[in-house]
Amino acid sequence: PDIAGKMVLVDFWATWCGPCRAEFPEFQEAAVDNADRLVIIGVNNTSADQAELVPGFLDEFCITFPIVLDENGEVVKTYRILGLPTTIFIDSDGVISEVFTGPLNKAYIESKISELTNPAS
């Protein structure tokens, strides 16, 4: 996806994670409603999950945002992810602004979009 000038939300998740299931419909709505200013990328913690379960999980929630599989756990290790779900908010300049562990909802995501795309001067 073209991420230039957009906020990026990177979400670490697994199919067995209950809070991940709860937040995925919210993420999908946020991705669609804010497509002009937000890119969501889901990172499946595949090293602690089962890759064959991922397509069914995505189909269940009609997910259209990109999903990548972290098959060897390198991305989880690089970002020091300790629990799932964990979401990293990256502003339109490519700077990490927040690392949030726990489930999120669309309202929180949209408040972060406003905060990061209209910084107080």
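Counting only DSSP beta bridges whose two residues both lie in the chain, roughly 50 percent are antiparallel.
Rounded to the nearest 10 degrees, the inclination of helix 18-33 to the longest alpha-carbon principal axis of the chain is 40 degrees.
With a 1.4 Å probe and every protein chain kept in, tell me what percent of the accessible surface of the chain is carbon plus sulfur. Kindly include the intermediate steps, with their values, before the conclusion.
Values: 3410 of 6310 Å².
Looking at the chain in its full context, I get 54 percent from C and S.
Computed from Cα atoms, the angle from the helix 106-117 axis to the main principal axis of the chain rounds to 50 degrees. Partnerless cysteines in the chain, where a partner means another cysteine C-beta under 4.7 angstrom, comprise Cys62.
Close amide H contacts of Ile40 (hydrogens built in the peptide plane, cut-off under 5 Å, sequence separation of 5 or more or a different chain): Leu9. Were the residues from Val95 through Ala4 laid out at 0.36 nm apart, the gain over their Cα-Cα distance would be 31.5 nm. Averaging 1/r over each pair of different alpha-carbon atoms in the stretch 67-112 and inverting the result gives 11.9 Å, the Kirkwood hydrodynamic radius.
Excluding ligands, DNA and RNA, the accessible surface per residue across the chain is 52 Å² with a 1.4 Å probe.
Taking a straight line from the alpha carbon of Lys112, these aspartates and glutamates sit under 20 Å away, with near neighbours fewer than eight places off in the same chain left out: Asp2, Asp11, Glu23, Glu26, Glu29, Asp33, Asp36, Asp91, Asp93, Glu98. When the square roots of the Cα gyration tensor eigenvalues are ordered a ≥ b ≥ c, the ratio a/c for the stretch 38-121 is 1.5 or more and a/b exceeds b/c, which makes its shape prolate.
The values are calculated or read from the model by the stated rules, or taken from the named source; none is laboratory data. Keep in mind that what you see is a predicted model, and the values were worked out from it rather than measured. Methodologically, a virtual Cβ is constructed for each residue, glycine included, from the backbone with ideal geometry; neighbour enumeration extends over all protein chains shown. To get the accessible areas, we keep the full protein, side chains included, count just its heavy atoms, and leave off ligands, DNA and RNA. Shrake-Rupley method; radii C 1.70, N 1.55, O 1.52, S 1.80 Å.
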